[in-house]
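What follows is a single structure, written as structure tokens, with notes after it.
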Amino acid sequence: MAKKLLARLGALFWRYYSVFLVLIVWELVSRFGVVRPFLLPAFSTVVGRTWELFLHEDLLFHTSTTLFRMFAGLSAAVVVGVPLGIWMARFRPARDFFEPLIGLTFPIPKVGIYPAIIILLGMAHASKISWVFIDSFFPIVMATYHGAQHVDTRLIWSARGMGTSEGKILRKVILPATLPSILTGLRLGIIVALIVVFLSEMIAGGDGLGWIMMHAARLFHSVDMFVAIVLISVLGFIIDRLFLIARRQLLRWHAEADLG
Amino acid sequence: MPRFLSIALVFALWEALPRAGILPAETFPPFSTVVATTSQLFLTGEMWPHLFSSMYRWAVAFVISLAFGIPAGIAMARLSAVRNFLDPILTATYPVPKAALIPIIMLWLGAGDLSKILVIILGTSIPLVISAFHGAQGVEKKLVWSALAMGTDRRLALFKVILPAALPDILSGVRMALSVSLIALLGSEMIARQSGLGYLLFSSLDVKAYDLSYATMLVIAIMGFAFDWGFVALMGRSLVWMEREEGSDG
């Protein structure tokens, strides 16, 4: 048992050896003064400081604020994007109406219209969540639309032929067949949401991990800057991994389950 | 339904809502006002230096990213040592917001062009590396083998077989890189505020010169749009040979 575990850990280490190598080089370069610790605090210092901030300062509050904004915007994007994508794929007038609109707004870098959102909604939660929503909406709606468009029509016909109601076809045929595409779009949406929430907090400030980064930068407190970046990176990595595990569960029946 | 009804509707609402006083015109000026301000800024010459400094940073960073990212991705696909080294690092850093690195890179390199260009390169090269890697990895081995068996030397096989076969993937990576590069450009300019569109965007917001903010937003929107359309047009031309084989699924 222990041997097996050790073997698995060993395999994991070799698979990710370059990541560990980077972390070790980071630690040594700072410890031995190759780079001034102010410019690159040792990895262990950053981890220690993170722990300290969690215990004695309100880092937990800032982290949860960031996560709250991210998931609020992302859920809204799913709630709007998935039905809209399916509707566009199944209903011609909906496609004719929304497709040009999405084509026009998709290539616009949304960070460029963030000031308008701030002007209209203020600097607090609402503008940040709206930006997360807008930016993560696009990959989700486009992937859903694309996926729902390519559902095998024979599946729908045979379900209809067997007297299945339209509502049930939607839930039992179209939605499952579109699920792999939805999840691909959602993964992109998660990554975009993470970037956007951090940027919005860096720009409009107040609280959250992005604000910690900017606040530390203004005070030239370099360790705290690294705390913010390490924390958002670890969060991103964990969320992405959890998502991949969930996808594997959801798509067990599907050939794409093992991708990524 | 007419094809561009929705777009016409959006612009009509943008014009009508502030004019009718439903939205306050100072904080949400009508479309025609924004267009007028924007053209004014171009005519007086106020916009040009910012546009130029943004485009300069973007162009330098994008060219470097192309020159580095695509070969790195192909090397990952062809050489297992490169793949074993880079793949875990890319997987681990993929969900990391690169824009978050801006303050740290500024700590290292100062607030000038160098750190901004580096941030754009970091963000832009990753989609390029990943797409070139996937593209080159998906190249049918038989194609490469038969080219080699017919006496093509390895370097020629790279340019004549692998690169063309990986091109569709690479190009979709370029499209993604285009949008990422604009985000990194604007992000870096609005955090290290000296010049450029990102600077103009937020310094005008700070002094409540909203008409200037909206004009800058319009310029940025047009830029993003022009990049994407330019790219699609270019791609349509360069991938004619592919359409014929794969149907319309591109």
Legend entry - Residue-by-residue Karplus 3J(HN,Hα) for segment A:129-143, coefficients 6.51, -1.76, 1.60, Hz, glycine and proline x: 5, 4, 5, 4, 4, 4, 6, 8, 4, 4, x, 5, 5, 5, 5
Legend entry - Mean ellipticity per residue at 222 nm, deg cm²/dmol - from DSSP H runs of n ≥ 4 across chain A, formula -39500 (n - 2.57): -26500 deg cm²/dmol
Legend entry - Selection from B:48, B:177, B:103 lying farthest towards where the dipole of segment B:48-194 points positive, charges on Cβ: B:177
Legend entry - Highest-MSF residue in chain A out of A:210, A:163, A:85 [GNM, Cα springs under 10 Å]: A:163
Inset, instruction - Multiply the residue gap between residue A:95 and residue A:67 by 0.36 nm, knock off their C-alpha separation, and tell me the result in nm, one decimal place. - result: 6.8 nm
Inset, instruction - Express the relative contact order of chain B as a whole percentage, based on alpha carbon pairs under 8 Å and six or more residues apart in sequence. - result: 23 percent
Legend entry - Phi to ³J(HN,Hα) by Karplus 6.51 cos²θ - 1.76 cosθ + 1.60 over segment B:191-198, Hz, x for Gly, Pro: 8, 9, 7, 10, 7, x, 5, x
Inset, instruction - Please work out whether chain A counts as rounded, prolate or oblate from its C-alpha gyration tensor, where a ≥ b ≥ c are the square roots of the eigenvalues and a/c under 1.5 means rounded, while otherwise a/b larger than b/c means prolate and anything else oblate? - result: oblate
Legend entry - Paramagnetic reach from residue A:39 (point 7 Å along Cα→Cβ, amide N under 16 Å) across segment B:92-117: B:103-112, B:114-116
Inset, instruction - Starting with the fewest neighbours, write out B:193, A:252 ranked by other beta-carbon atoms found within 10 Å of each beta-carbon. - result: A:252, B:193
Legend entry - Chain lengthening between residue B:15 and residue B:229 when straightened (0.36 nm per residue, less Cα-Cα): 74.5 nm
Legend entry - Degrees, to the nearest 10: A:17-31 long Cα axis against longest axis of chain A: 30 degrees
Legend entry - Spin-label model distance (nm) - residue B:84 vs residue B:7, 7 Å beyond Cα toward Cβ: 5.2 nm
Inset, instruction - Run the dipole for segment A:58-258 about the Cα centre, Lys and Arg Cβ at +1, Asp and Glu Cβ at -1, nothing else charged, and hand back the magnitude in debye, nearest 20. - result: 740 debye
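Where does chain B land at 222 nm, in deg cm²/dmol rounded to the nearest 500, when only DSSP H runs of n ≥ 4 count, each adding -39500 (n - 2.57), divided by all residues?
Result for chain B, helices only: -26000 deg cm²/dmol.
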Inset, instruction - Taking only Cα atoms and a 10 Å spring cutoff, compute GNM fluctuations for chain A and point out the largest among A:189, A:112, A:48. - result: A:112
Legend entry - For A:146, A:62, A:56, order by how many other beta-carbon atoms lie within 10 Å, fewest first: A:56, A:146, A:62
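Let me make sure I get this right: for the protein assembly as shown, a, b and c are the square roots of the gyration tensor eigenvalues over alpha carbons, sorted descending. Under 1.5 in a/c it's rounded, otherwise prolate if a/b > b/c, else oblate. Which is it? Mind showing how you got there, number by number?
On the way: a/c = 1.33, a/b = 1.02, b/c = 1.30.
Judged from the Cα gyration tensor, the protein assembly as shown comes out rounded (a/c under 1.5).
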Inset, instruction - In a Gaussian network model over chain A where Cα atoms closer than 10 Å are linked, find which of A:199, A:179, A:12 has the largest mean-square fluctuation. - result: A:12
Legend entry - Spacing of the two label points (7 Å from each Cα toward its C-beta) at residue A:27 and residue B:48, in nm: 5.6 nm
Inset, instruction - Apply the Karplus parameterisation 6.51 cos²θ - 1.76 cosθ + 1.60, with θ equal to phi minus 60°, to every residue of segment B:34-46 and state each ³J(HN,Hα) to the nearest whole Hz, in sequence, with x for glycine and proline. - result: 4, 4, 4, 4, 4, 5, 4, 5, 6, 5, 6, x, 5
Legend entry - Which of A:244, B:186 has the fewest Cβ neighbours within 10 Å, and the rest in rising order: A:244, B:186
Inset, instruction - Could you tell me which of A:145, A:197, A:157 has its Cα farthest along the dipole of segment A:58-258 towards the positive end, charges placed at Cβ (Lys, Arg +1; Asp, Glu -1), taken about the Cα centre? - result: A:157
Inset, instruction - Output the relative contact order of segment A:139-260, whole-number percent, from Cα pairs under 8 angstrom with separation of 6+ residues. - result: 21 percent
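Report the full-extension gain for the segment residue A:19 to residue A:162: residue separation times 0.36 nm, less the Cα-Cα distance, to one decimal in nm.
Length difference between fully extended and current span is 46.0 nm.
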Inset, instruction - Using the Kirkwood radius over Cα pairs, work out the Stokes-Einstein diffusion coefficient for segment A:130-260 at 25 °C and 0.890 mPa s, in µm²/s as a whole number. - result: 143 µm²/s
Legend entry - Mean Cα-pair separation over length for chain A, i.e. relative contact order, pairs under 8 Å, 6 or more apart, %: 22 percent
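Laboratory data are not the source of any read-out in this text; all were calculated from the coordinates shown. Computed from a prediction, not measured in an experiment: that's the story for all the values here. Glycine also receives a Cβ, built like all others from the backbone with ideal geometry; neighbour counts cover every protein chain displayed.
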